[in-house]
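I have placed the structure first, in the form of structure tokens, so that the comments after it can refer back to it.
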Amino acid sequence: MTSAIDWVQLRENMIIATQRIELYNPRYWNKEANAVNDNLTHWVELTKKQLKPLPLSSEITVLDVGAGTGRITLPIAKKVRHITALEPSKKMLAILREN
């Protein structure tokens, strides 16, 4: 059994580090969704770096809270048994479904 990842703490650390409180507001992401999705190719190396330490296998299921347009969600989905993506921004969720 692999150890659990404290996603809440990871996200809190990111918010504190960047001082971007607006990141918690779905309206912000509704406005930014297209730009985020259009720039996914710029984040390929960061995505690889973020995924590398995760203990992913075909034996686990994942809950992705704040899945955005799928930059992390979709690569994880290829490596695990099942992933459930939650996204409060309607625009981001629509793009995630398309992707």
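Scaled to the compact-protein estimate 2.2 N^0.38 Å, what is the alpha-carbon radius of gyration of segment 10-65, rounded to two decimal places?
Working: Rg = 13.9 Å, N = 56, 2.2 N^0.38 = 10.2 Å.
For segment 10-65, the normalised Cα radius of gyration comes out at 1.36.
Which order do the peptides 48-56, 81-89 come out in when sorted by mean C-beta neighbours inside 10 angstrom, highest first? All intermediate terms of the calculation are to be shown ahead of the outcome.
Numbers: 48-56: 12.0, 81-89: 16.1.
My ranking of the peptides, most packed first, is 81-89, 48-56.
Sort 71, 11 by accessible area with a 1.4 Å probe, largest first.
Most to least solvent-accessible, the answer reads 11, 71.
Roughly how many Å² of residue 65 are accessible to a 1.4 Å probe, to the nearest 10?
Roughly 100 Å² of residue 65 is accessible to a 1.4 Å probe.
What's the tally of Lys pairs in the chain whose alpha-carbon atoms lie under 28 angstrom apart, where the two lysines are 8 or more places apart or on different chains?
18
How large is the charge dipole for the chain, taken about the Cα centre, if only the Cβ atoms of Lys, Arg (+1) and Asp, Glu (-1) carry charge, to the nearest 20 debye?
In debye, rounded to 20, the chain gives about 160.
In segment 24-71, what percent of the accessible surface is made up of carbon and sulfur (1.4 Å probe, ligands and nucleic acids excluded)?
Values: 1860 of 3410 Å².
Carbon-and-sulfur percentage of accessible area, whole number: 55.
Please list the three semi-axes, largest first and in whole Å, of the ellipsoid equivalent to the chain, using sqrt of 5 times the eigenvalues of its alpha carbon gyration tensor. Spell out each step's value before the answer.
Numbers: eigenvalues 96, 54, 35 Å².
Equivalent ellipsoid semi-axes, largest first: 22, 16, 13 Å.
Scanning the chain for helices, which whole DSSP H stretches are 15 Å or more long along the axis (Cα) and average -1.0 or more by Kyte-Doolittle?
Details: long enough: 7-18 (17 Å, 0.34); 26-38 (18 Å, -1.68).
Passing helices, by number: 7-18.
Determine Rg/Rh for segment 43-90; Rg is computed over alpha-carbon atoms and Rh is the Kirkwood hydrodynamic estimate from the same atoms.
Details: Rg = 10.6 Å, Rh = 11.1 Å.
In segment 43-90, Rg relative to Rh is 0.96.
Quick check for you: with a 1.4 Å probe and neighbouring chains kept, what is the accessible area per residue of the chain, in Å²?
Details: 7360 Å² over 99 residues.
Per-residue value: 74 Å².
Would you please name the GluC sites (Glu not before Pro) within segment 1-62 that are DSSP coil residues with at most 13 other C-beta atoms within 10 Å of their C-beta?
Counting only loop positions with at most 13 other Cβ atoms within 10 Å, the GluC sites (Glu not before Pro) in segment 1-62 are 59.
The values are calculated or read from the model by the stated rules, or taken from the named source; none is laboratory data. As the structure is a computational prediction, the values presented were derived from the model and not from experiment. As a convention, Cβ positions derive from the backbone with ideal geometry for all residues, glycine included, and neighbour counts pool all protein chains shown. In case anyone asks, the SASA skips ligands and DNA or RNA and just uses the protein heavy atoms, side chains included. Shrake-Rupley method; radii C 1.70, N 1.55, O 1.52, S 1.80 Å.
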